[in-house]
Amino acid sequence: RNRKILLAKFGLIFAVIKFGRLPFTMNMNTKRKREDMEIVWQTPANPPERHDYIFRNGIRYVKPYYFEFISHVKNRWAGKTIVDLFSDEFKGRPRDYYESAVKSGRIQVDGQKVSVSYVVQSSQKISHFLHRHEPPVMSWDVEILCEEPDVLTVCKPASVPVHPCGQYRKNTVVGILQAEYGLAPLFPVHRLDRLVSGLLILARSASRADLFRQQIESGAVQKRYIARVIGVFPDKQQVVNANVNYNAREGRSTVEVGDNQGNSTASLKGKAACTKFTRISTNGKQSIVLCEPVTGRTHQIRVHLQYTGHPIANDMLYLSESVSSRAAEGLSADRAAAKSCSPPDPISRTSDMANDSNEDFSIDPMCTNCPNLAPKGYDGNEEGLWLHCVKYSGPDWIYECPHPDWASLS
């Protein structure tokens, strides 16, 4: 009963259909006999489960599954044919795939099958039913640190995004906690970049999450991270007040500062940002630095450390030109992380799921990613940044996370 209510509320459906027989009635809940293969469409109402994952060589994969992506035609898309629209805007698949998808009905407009020459109009709903392959992540455990009636804190492993975004849905902290511990719903209180590890606070209710966010926005919350950086960081505390301008297209931030002429900062495009840095230790080549962001901008700590001349030692996105020769040594940032930041054996935590590693998954003859588990462009060899969230504290609460191995300089 509860599931039916949930489905009705969000307009979601389950449909089991015969391959290649789209379009289909969107409110159907029936099963047709199959000749080739059976397709089970999944929606956000299908929670992740343990058997959705495959573990191989310390990597967590998600078994590919069918999913409906929905978008509405933007004004700049209007007037294009349906195939041109997908070919121009979604370049991850070749044009001939989109032609086949339209012909078979995997791509629809307003719930109806259309021809490849169909011209879309503004605000129409376009649906893409596809065999979804999620990018792999490292199979490190999402360790539960503290479980309270209204708050859950975990140690987020690097490489795993916090919540569904982009190509990630089940391979997220929220998805894994639901699949492995049955913890849902969860409301992330703050965000950690995918490659950042450490303390993550999740509220058990929307109201509790809102309270946390109000405290963060009012400046009542102190945040502490640690980073391993290039060079000998200054002994005295460094305070960086420099605007951060995030470029979504490039996926990176830049620092903007005035020209010391008084009011020149008014023309800066970036958002005001402030971070305090204090050296914890150094071995003469690298340093462990305490990072206390006063504001919360995208990549703020990373780009502010770059601005000081001491970027995170394995952050290839922000390593300065003076240390870019690191790449020429044949040791990329991710490989350096793998060698020097060794968490507990990622395979051991999945030993009780060994059988999952041998399970097959259904191959879709139209899928451009099959027969591989990972989508094209993801090899599963991505490790984490040397940036770790260690502590959040508010007016009447404190949550902490243990330091990683790489925080001890030898």
Given K63/K91; K103/K170; K223/K376, the pairs whose alpha carbons are separated by over 32 Å: K223/K376
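Over all directions, what mean area does the Cα convex hull of segment 40-174 project, stated in square nanometres? Write down the numbers at each step before the final one.
On the way: hull surface 41.7 nm².
Taking a quarter of the hull surface, the average projection is 10.4 nm².
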Vicinal HN-Hα couplings computed from phi for segment 87-93 (Karplus, 6.51 cos²θ - 1.76 cosθ + 1.60; Hz; Gly/Pro x): 5, 7, 9, 10, 7, x, 10
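Around P234, under 14 Å between beta carbons, what's the net of Lys plus Arg minus Asp minus Glu among the other residues?
Working: positive: K236, K276, R279; negative: D235.
Every neighbour counted, the sum reads +2.
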Rounded to the nearest 10 Å², the accessible area of E147 at probe 1.4 Å: 110
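Solvent-accessible area per residue for segment 203-247 at a 1.4 Å probe radius, Å²?
Values: 2380 Å² over 45 residues.
About 53 Å² of surface per residue is accessible.
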Global form of segment 162-210, assessed from the alpha-carbon gyration tensor, a/c cut-off 1.5: oblate
Summed side-chain charge close to A179 - residues other than A179 whose Cβ falls under 10 Å, Lys, Arg +1, Asp, Glu -1: -1
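The values are calculated or read from the model by the stated rules, or taken from the named source; none is laboratory data. The structure displayed is predicted, hence computed values, not measured ones. Glycine gets a Cβ as well: all are built from the backbone with ideal geometry, and neighbour counts include every protein chain shown. Quick note on the areas: whole protein, heavy atoms, side chains included, nothing else; ligands and nucleic acids left out. Shrake-Rupley method; radii C 1.70, N 1.55, O 1.52, S 1.80 Å.
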